[in-house]
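Undergrad: Below are the structure tokens for one structure; questions will follow.
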Amino acid sequence: MTPWRKTAVFPAPPDTVPWVTWKVDSWFMTGVVIGVVFIVFALALLIPGVLATLGRLPGNNVVGLHVPEVRKDEEVWVKAHKVAGPYLILGGLALGFGAAFAFIANGWLWVGPVVLAVVAIAALAAAGNQGARAARLFAEAKEAEAEADTEPAPQVDLGALRNAAREADGR
């Protein structure tokens, strides 16, 4: 079945030239529209996913994880997004393949774009979950490290240590 059917309008109205019209199959246009939407969303996931994986996603209020731990420290932002980035790439690739299927889908082949859209949504959910979890763990580790640095070192009486060493040596 061809999506484009060429039909001629004859006989032409008396005051006009005969025109050739194009009729478009509605399922074909549905596939084109869904394919274009999938491509737009795929790019919206792939670009931040690649930037996040490389650690180059700048801190902003639009794209990225929206948890308090990430907002407090840039180092936690970068590490958490490095964890979430591969999931975003997976979601973008799933939508890209879904777009390819949508352009050629007919009948049962529509299962492909639907399944790939579900995979993309699951990858996006996993990115948020794993990124938020990583942010919490990185923030806790950083706080524990800061607390360990602020505790004073125990004071040692060097004279008493020398006397104990002399007695142990038998002098």
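Undergrad: When the accessible area of segment 37-171 is split by element with a 1.4 Å probe, what percent falls to carbon and sulfur?
TA: The nonpolar share, carbon plus sulfur, comes to 65 percent.
Undergrad: Length gain on complete extension for the stretch ALA164 to LYS142, per 0.36 nm per residue less the alpha carbon to alpha carbon distance?
TA: Net length gain for the segment: 4.1 nm.
Undergrad: Give the cross-link partners of LYS72 among the aspartates and glutamates, using a straight C-alpha distance below 14 Å as the criterion and excluding same-chain residues fewer than 8 apart.
TA: GLU140, GLU143
Undergrad: Could you tell me the center-to-center distance, by alpha carbons, between segment 26-67 and segment 95-171 in angstrom?
TA: One Cα centre to the other: 24 Å.
Undergrad: Where does each of PHE97, PHE38 land when they are ordered by accessible area, with a 1.4 Å probe and the largest first?
TA: PHE97, PHE38
Undergrad: By average Cβ neighbour count within 10 Å, what is the ranking of 125-134, 75-84, 99-108 from highest down?
TA: So the peptides 125-134, 75-84, 99-108, ranked by packing, come out 75-84, 125-134, 99-108.
Undergrad: Run through segment 83-171 and list the GluC sites (Glu not before Pro) located in a DSSP loop whose Cβ has at most 12 other Cβ atoms within 10 Å.
TA: none
Undergrad: When ligands, DNA and RNA are left out and all protein chains stay put, how many square angstrom of accessible area per residue does segment 124-165 have with a 1.4 Å probe?
TA: 76
The values are calculated or read from the model by the stated rules, or taken from the named source; none is laboratory data. Because the structure is a prediction, the values reported are computed rather than measured. Glycine also receives a Cβ, built like all others from the backbone with ideal geometry; neighbour counts cover every protein chain displayed. Heavy atoms of the whole protein, side chains included, go into the accessibility calculation; ligands, DNA and RNA do not. Shrake-Rupley method; radii C 1.70, N 1.55, O 1.52, S 1.80 Å.
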